[in-house]
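Enquirer: Input: one structure, supplied below.
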Amino acid sequence: MLFTRKKTVLPTADQALPGRDEAIATQERHVVLGTPLEPPFPEGTERAIFGMGCFWGAEKLFWQLPGIHTTAAGYAGGVTPNPTYEEVCSGRTGHAEVVLVVFRPEETSYDELLRVFWEGHDPTQGMRQGNDVGTQYRSAVFVASPTQHEAVLASRARYQEALARSGYGEITTEIADAGPFFYAEPYHQQYLARNPSGYCGIGGTGVACPVGLATTG
């Protein structure tokens, strides 16, 4: 079945689904924080985009931090414009499941978000995260500025050293400039707040991340 196959190879532009011109409708406000999911965002806030596998649990990790204005589940890093969840799951859009994090840097720094990112999942697994297999579950950071790019590279080096000492392999995380972010459907937004017993391998009721390694000092 087209929409249930798990793909582990990113499609080319010729292979990708065509998508659509209009955005998929999403939820208006954050279930937990009460803030709008879509811009305009307050002056002084910054944006970060992370892919950590299942976006349900990843989003929960970030909305619990101080200084977070809003978070949203969505899709990034692919070819197909305005994809649906079913299309992303087909492996024919190139998108990863990601979380948009809008934060106040004076309260929570980008480096702190990176700590949560690296320690919240296993970044060495390629096109999968635990039992979730496919390009949509790849580890990824989509950077919004040269400053963010430098911070990601520096933190990756620190975590790679810590992972190697603990017997893990090479980090496979994709690091790329942030392109379009497409909001996921309403039922995906803050999913674990509305479904506390819902399964997700990250931040939910699934398998805990094995990567929580101290890299300071």
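The values are calculated or read from the model by the stated rules, or taken from the named source; none is laboratory data. Computed from a predicted model, the values in this text were never measured in an experiment. Every residue, glycine as well, gets a Cβ built from its backbone with ideal geometry; the counts of neighbours run over all protein chains shown. We work out accessible area using only protein heavy atoms, side chains counted, and drop any ligands, DNA or RNA first. Shrake-Rupley method; radii C 1.70, N 1.55, O 1.52, S 1.80 Å.
Enquirer: Report the charge-dipole magnitude of the chain in Debye, nearest 20, computed about the Cα centre from +1 at each Lys and Arg Cβ and -1 at each Asp and Glu Cβ.
Expert: 620 debye
Enquirer: Hey, if you put +1 on the Cβ of every Lys and Arg and -1 on every Asp and Glu Cβ in the chain, which of Pro81, Ala154, Ala193 ends up farthest toward the positive end of that dipole?
Expert: Value: Ala193.
Enquirer: How much of the accessible area of the chain, probe 1.4 Å, is carbon plus sulfur, in whole percent?
Expert: Taking all protein chains in place, the chain shows 53 percent carbon and sulfur surface.
Enquirer: Taking the chain as a Gaussian network, Cα atoms linked when under 10 Å apart, which of Tyr159, Tyr183, Tyr137 shows the biggest mean-square fluctuation?
Expert: Tyr159
Enquirer: Using +1 at the C-beta of Lys and Arg and -1 at the C-beta of Asp and Glu, which of Gly134, Leu37, Phe55 has the Cα lying farthest in the positive direction of the dipole of the range 28-148?
Expert: The residue sitting farthest along the positive end of the dipole is Gly134.
Enquirer: For the range 1-118, take the alpha-carbon Rg, divide it by the Kirkwood Rh, and send me Rg/Rh.
Expert: Taking Rg over the Kirkwood Rh, I get 1.00.
Enquirer: Given the alpha-carbon gyration tensor of the range 49-151, what are the semi-axes of its equivalent ellipsoid in whole angstrom, ordered largest first, with each equal to the square root of 5 times an eigenvalue?
Expert: Working: eigenvalues 104, 40, 33 Å².
Equivalent ellipsoid semi-axes, largest first: 23, 14, 13 Å.
Enquirer: Here's something else I'd like to know. Short version: ³J(HN,Hα) in whole Hz for each residue of the range 71-80, in order, from phi by Karplus 6.51 cos²θ - 1.76 cosθ + 1.60 (θ = phi - 60°), x for Gly and Pro, what are they?
Expert: So the J values, rounded to whole Hz, are 9, 8, 7, x, 10, 7, x, x, 10, 5.
Enquirer: Could you give the dipole magnitude of the range 106-179 about its Cα centre, charging the beta-carbon of Lys and Arg +1 and that of Asp and Glu -1, in debye to the nearest 20? The partial results should precede the final answer.
Expert: Values: 6 positive and 12 negative charges, 67 e Å.
Result for the range 106-179 is approximately 320 debye, rounded to the nearest 20.
Enquirer: Something else about it: So what is the calculated 222 nm ellipticity per residue for the chain, using -39500 (n - 2.57) for each DSSP H run with n of 4 or more, over all residues, to the nearest 500 deg cm²/dmol?
Expert: Counting only the DSSP helices, I get -6500 deg cm²/dmol.
Enquirer: Dipole magnitude of the range 41-107 about its Cα centre, charges +1 at Lys/Arg Cβ and -1 at Asp/Glu Cβ only, in debye to the nearest 20?
Expert: Computed about the Cα centre, the dipole is about 120 debye.
Enquirer: Which whole-number value in Å² is the accessible area per residue of the chain, probe 1.4 Å? Display every interim value, and only then the final one.
Expert: Details: 10020 Å² over 217 residues.
With the other protein chains kept in place, the chain gives 46 Å² per residue.
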